[in-house]
Every structure is written in structure tokens, then in C-alpha cells.
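A.B. asks: There's a structure below that I have some questions on.
Just so it is clear, none of the values below were taken in a lab; they were calculated from the coordinates. Predicted, not measured: the structure shown is a model, and the values here were computed from it. Cβ placement follows ideal geometry from the backbone for every residue including glycine, while neighbour counts extend to all protein chains displayed.
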Amino acid sequence: MSGSTSPMKSVQRSFDVIDVLWELDGAGPTEIAEEMDIPRSTAHVYLQTLQSTGYVVNTDGRYELSHAFLAMGSRLKHRNQIYQASQTALEELAAETGEVVTLIVEEAGRAVFLHIERGETAIELGLYSGITIPLYSHASGKTILSTLSEDRVDEIIDRHGLDSITSETITDRATLLEKLESVRADGYAVDWDQQIEGMGTIGVPIVVDEQLKGSIGIACPTERVKSESYQTELLNRLRETNETITIKYQYGT
């Protein structure tokens, strides 16, 4: 297809434009052209095309992502069966503990935060539904990895690596695999300072009929989660909540 752009490349470039608009929080054709190293006229065509779909809006020559993405993401979340089974139980858990309570699922080898509830004493972590982070850097992610096959875990590590996020992040494959063995045996994971310094996490996997559905977790200040008595209290509450979610997922009650 000499002299023209293939349909596949056009699709990829359209998503690249969306990514740039997201990163820059809006931009004009000149900025898009500079960021993507394409002619300004080409950038303008892509922006106008995206505008015609309703996923980009133009305000005085500045293009921004529209709320159509919000509608789509919200609909995707609310259609998820594990979210439907978890929402009320997570609200109650956050109210009981006062902490941040999370529901994550694995997608493409990363942890997707499907839902977040915040109790009265919860710390602000900058998390929101839809944000993705590595699986290996927090307790809930480790519980998910612990339920996957060795081949799948290796595939995820090979694809995403084990980059250092904080000074406490596990970056050695053998160390992580050893940790996952322990998590698998215990049925839960607890760690601190590996994703965010000063944040501790504890999590349990949601497994229904031997199928992994996600993981629920609690995040709180490191100093709190280091207390063995508090760990035990949170773990008991997580397990009770997990049982409630599993029953509702299976039977809808």
C-alpha cells in the first residue's frame, strides 16, 4: 500500500493520539504533530476524525478526551459480575475498618483496580477505578499471581519485568517466586512499602469454583499493618467478606 497508510496503522495512530491527549490533558494539532513526529495536517485529520466519533471534543481549537470514555468505563465496571457481587460487601468492610478497601482483577498481566472504597481513617493513595499497577508490588497482586500457573507467572514477568518502584519492591525473580509459594500456602499476602512508601497492604484471592475472579485487599499505613494483632483482625474481616462475595457471586443472594 505504497503512498498510503494501512488501515491497521491508522487504527494504531488513532489510539496513539488518544494516549497523547490523555498525557497532555488536551492538545492542539501542532502539539500532537510534535509529540508523534507527524505532519500537522495529518494530526488535524486524526483529531477531526476522533471528534466525529464523539470520543474527542474541540474547545476553541484545543482537543480533549470526552466523557464518552467515562460512560464506557463505568458501564464496563458495572457489568462485571465480581463487582456486582462485591460492591455492598466492600462498602461494609471499609466502614468497619476505616481503611482503603480495594477490588482488583488481572488483565494483560497487570492489576486493574475495579473498585475502591474509603473508610473514615483511610489514607489518600491517589487510586481510582481503572488505574493499573504491577501485580508483584502489593499484597492483592501477589495473591493473584499465587493462583496462576508457573508458566503464566513467568510469562507476566518476562513481559512486564520486575522494576523497582520503591527500595522495598521485590525485583528478583527467585525471591518473588519464593514469596508466591508462601502466599499460596497461607492463602493471603501482606507486605508494606513495596508500591508506595508508607503504605501496607493485605489481600486475599477471590476464587469461585476453582476459578480466579480477582482479589480484595486493604491498604493502610505501614505502621498499622506491621502490628500482628491488626493484621489478624484485618485478615479475619477480609476472609469473612470474601466468603460473602463468593456466595453472592454463586447464588446472587
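A.B. asks: Any idea what the relative contact order of the range 72-251 is, in percent, if you count C-alpha pairs under 8 Å spaced at least 6 apart? List each step's numbers first, then the result.
C.D. replies: On the way: 324 pairs, mean separation 40.5, N = 180.
Relative contact order, the range 72-251: 22 percent.
A.B. asks: Given 0.36 nm per residue, what is the gain on full extension from E91 to I131 after removing their alpha carbon distance, in nm?
C.D. replies: Details: separation 40, 0.36 × 40 = 14.40 nm, distance 1.93 nm.
Result: 12.5 nm gained on full extension.
A.B. asks: Can you list residues from other chains, or at least 5 along the same chain, whose modelled amide H is less than 5 Å from the amide H of A111?
C.D. replies: Those qualifying (amide H under 5 Å, at least 5 residues apart or on another chain) are I133, L135.
A.B. asks: Defining a contact as two alpha carbons under 8 Å apart and six or more residues distant in sequence, what relative contact order in percent does the range 188-230 show?
C.D. replies: 35 percent
A.B. asks: P(r) of the chain in 10 Å steps, Cα pairs, percent per bin?
C.D. replies: Values per bin, smallest distances first: 7, 27, 27, 21, 14, 4, 0.
A.B. asks: What is the order of F113, F15, F69, fewest Cβ neighbours within 10 Å to most?
C.D. replies: Going from least to most buried by this count: F15, F69, F113.
A.B. asks: So what J values fall out for the range 85-94 if you push phi through Karplus, 6.51 cos²θ - 1.76 cosθ + 1.60 with θ = phi - 60°, rounded to Hz, Gly and Pro as x?
C.D. replies: 3J(HN,Hα) across the range 85-94, in whole Hz: 7, 9, 3, 5, 5, 5, 4, 5, 5, 5.
A.B. asks: Counting only C-alpha contacts under 8 Å and six or more residues apart, can you give the relative contact order of the range 7-96 as a whole percent?
C.D. replies: Across the range 7-96, relative contact order equals 21 percent.
A.B. asks: I've got another one for you. Give the separation of the Cα centroids, the range 212-232 to the range 166-205, in Å.
C.D. replies: Each part's Cα centre sits 11 Å from the other's.
A.B. asks: Could you run the Karplus curve 6.51 cos²θ - 1.76 cosθ + 1.60 with θ = phi - 60° over the range 210-226 and give me ³J(HN,Hα) per residue in whole Hz, x for Gly and Pro?
C.D. replies: Once θ is set to phi - 60°, the couplings for the range 210-226 become 6, 10, 5, 10, x, 8, 10, x, 10, 10, 7, x, 3, 4, 6, 6, 6 Hz.
A.B. asks: Still on this structure, I have one more. Which entries of K179/K213; K77/K142; K179/K226; K77/K226; K77/K179 have Cα-Cα distances beyond 28 Å here?
C.D. replies: Beyond 28 Å: K77/K226; K77/K179.
A.B. asks: Using the Karplus curve 6.51 cos²θ - 1.76 cosθ + 1.60 with θ = phi - 60°, work out ³J(HN,Hα) for each residue of the range 204-209 in order, rounded to whole Hz, and write x for Gly and Pro.
C.D. replies: Values, residue by residue: 9, x, 9, 10, 10, 6 Hz.
A.B. asks: Only counting other Cβ atoms within 10 Å, I'd like D60, D209, D193 sorted with the fewest neighbours first. The partial results should precede the final answer.
C.D. replies: Details: D60 5, D209 8, D193 16.
Least crowded to most crowded, the residues run D60, D209, D193.
A.B. asks: Moving on to the next point. For the Cα atoms of the chain, what angle does the longest principal axis make with the long axis of helix 68-79, in degrees from 0 to 90, nearest 10?
C.D. replies: On a 0 to 90 degree scale, this one is about 30.
A.B. asks: Would you mind checking the radius of gyration and Dmax of the range 7-66 based on alpha-carbon positions, in Å?
C.D. replies: That works out to 10.0, 31 Å for Rg and Dmax.
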